[in-house]
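To start, the structure under review is shown below, and the notes come after it.
What follows is calculated from the coordinates using simple rules that are stated; it is not laboratory data. Note that this is a predicted model, so its numbers are computed, not measured. Note that we place each Cβ from the backbone using ideal geometry, even for glycine, and neighbour counts take in every protein chain shown.
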Amino acid sequence: MPLTCTGSDPVILSPMKADLVVRGGRIFTAEPSASFIDAVAISGHRIVAVGDEAETAVATSTHVIELDGALATPGFIDAHVHPATSGLDKLRCHFDEADDADSAIEIIATYATANPDRPWIIGAGWPQSWFQNGCPARELLDRVVPDRPALITNTDGHGAWANSKAFEVAGITRATLDPPDGRIERLPDGSPQGTLHEGAIRLVERHAPEDTVDDLEAGLLRGQRELLRYGITGWQDAIVTEKIHEAYLRIAGDGGLIGRVVGAMWWDRNRGLEQIHELVARRERTAERFRPTSVKLMLDGVVENFTASMLESYLDESGQSTGNEGIDFIDPEELNEIVVFLDDHDFQCHFHAIGDRGVRNALDAIEAARKRNGPSGNRHHIAHIQVVHPDDIGRFVALEAIANAQPLWANNDDYQTELTRPFIGEERFRRQYPFRSLLVDGARMGMGSDWGVSTANVMEELHVAVTRIWTDDQEPFGPDEALDPIDALTAFTAGSAYINHAEKDTGSIAAGKLADLAILDRDPLREGSFRETQVAATIVGGEIVYEGK
Ligand SMILES: [Zn+2]
């Protein structure tokens, strides 16, 4: 810093000259002291000055980014995302250009014709709303892929669509039993209908060629490009398998990893505590910008196929209880033991919990760890938090459990109106995604996209976080739970940085921090909305790594 004090007068010893100065608009800092400043100066990888002092750091050699009234923010940190597999999906059969079942089928037909040598047709990304009851039939797929197996997962990855050839190769008939963690959708005669839910996907998938590390490396590079274009400069990868781990190390080794990443290593629920040895060994395999220090525990499925774990039963179409309360992917007693153990080994637990019993199981397990191990700095966090029982809201702050919100889902889309509302009833419907209640109660919150389940576009997610509306014809979804824009921005920057144990260096704009910033094309807090806003440039460590057209 150029200032030093002698007596009472500050004396400028050497005027600082910055490499890069951003000015000419508002800069959101995510710092408690001042939410907005009007200039930031960067030298090398770090922020060296903010405000007036940054303005005076402009020299002839300084690169100046004039905001022209637009907003700049700390680089966004996506606390739950799957860049390797989602990037890979973009390199395969995907439905970005489709808007209904017919166009999806056409895309599959075109892809199959264009790829005659692929032994399987693998793809992803159809929404359940395109098909009756969310369950596409195998005959539809047979029409365009009759000769080889096809397996195409839906947008959330909790369901998949297979053709007759795939069922044949997997040996699935009317005699095949459902696995304990999933369901084969069936025709009245018991034969497979074409849709597989949750763990049943594996019955087919295990016969398909596995993704190689090369595939995943290509996917991760493609995925990183997608994240950078949305101003995302760091993330928590929500499922790091051994191969994805390897892909990160390779890319980082080649100097190609730009984002700052914490990896959540997959907990194999079909194995026991002995897998801790592998996780401990893998935790040592780090690289610059990649630290696999978290463990992902998948506690339940999703509401739309009745696999989210609920405290009370799902309803049938006439509103009567079905007796089905969903699935606990990990038995709660066993979960307590696992979390006590992981916490004791200084791992962070990253839970997937959708239903109110899933969320409660996660909180109970964290409580068990607190009781047994005392306080820890492991910062366990619960992703998705769709249905939360009111009694559990206050437990987040008490247990230092962090809410990891995917705000885009909190709108009245078809998933909600057609596949959720009738089957969980009004009372539970109304208490979904209680983001504001959690914040008001004092809970910490980070945010993420869950891309490829949803878009990685932070602006679209923030739009729903603050309005609870996606399309303008929608009724707001639980409008009391809408967030103040400053709170939402803070969650997607400083909040997620905290989850990643990265708040000392990232997540906010202050002198001394790493220069990770997103430059927007307008100031959505003053003009238009987040939804209309684009990211104009992304800066990581003082380098411009993405520039919009
Ligand atoms: Zn996910």
Item to check | Antiparallel DSSP beta bridges within the chain, percent to nearest 5 | outcome: 50
Checklist entry - Which of T62, T471 comes first, and how do the rest follow, when ranked by fewest Cβ neighbours within 10 Å? => result T471, T62
Checklist entry - Across the chain, how many lysine pairs separated by 8 or more positions, or lying on different chains, have Cα atoms within less than 27 Å? => result 10
Checklist outcome for this item: If every Lys and Arg gets +1 and every Asp and Glu gets -1 at its Cβ, then about the Cα centre the chain yields a dipole, in debye to the nearest 20, of 1160
Checklist entry - Ordered by packing density, taken as the mean number of other Cβ atoms within 10 Å over each peptide's residues, highest first, how do 364-373, 248-257 rank? => result 364-373, 248-257
Checklist outcome for this item: Around G159 (Cβ within 11 Å, Cβ-to-Cβ, excluding G159; K/R +1, D/E -1) the net charge comes to -3
Checklist outcome for this item: Measuring from the longest principal axis of the C-alpha atoms of the chain, the long axis of helix 213-229 (C-alpha) lies at a number of degrees, nearest 10, equal to 50
Checklist entry - Which order do peptides 267-275, 156-164, 23-31, 133-141 fall in by mean Cβ count within 10 Å, highest first? => result 156-164, 23-31, 133-141, 267-275
Checklist outcome for this item: In degrees, nearest 10, the alpha-carbon axis of helix 356-373 is tilted away from the dominant principal axis of the alpha carbons of the chain by 60
Checklist outcome for this item: Honestly segment 378-501 on the Cα gyration tensor test (a ≥ b ≥ c root eigenvalues; a/c under 1.5 rounded, otherwise a/b vs b/c for prolate or oblate) is just oblate
Checklist entry - Any idea which of P179, G507, F492 is furthest toward the positive side of the dipole for the chain, if Lys and Arg beta-carbons carry +1 and Asp and Glu beta-carbons -1? => result G507
Checklist entry - Where a ≥ b ≥ c are the square roots of the eigenvalues of the C-alpha gyration tensor, would you call segment 226-273 rounded, which needs a/c under 1.5, or, failing that, prolate if a/b is larger than b/c, or oblate? => result oblate
Item to check | Acute angle (nearest 10 degrees) that the helix 242-253 long axis makes with the longest principal axis of the chain, alpha-carbon atoms | outcome: 30
Checklist entry - Quick one: which of 237-244, 193-200, 207-214 comes out on top by average Cβ neighbours within 10 Å, and what's the full order, highest first? => result 193-200, 237-244, 207-214
Checklist entry - What residues have an amide H closer than 5 Å to that of K513, excluding those fewer than 5 places away on the same chain, when H is modeled at 1.01 Å from N in the peptide plane? => result I47
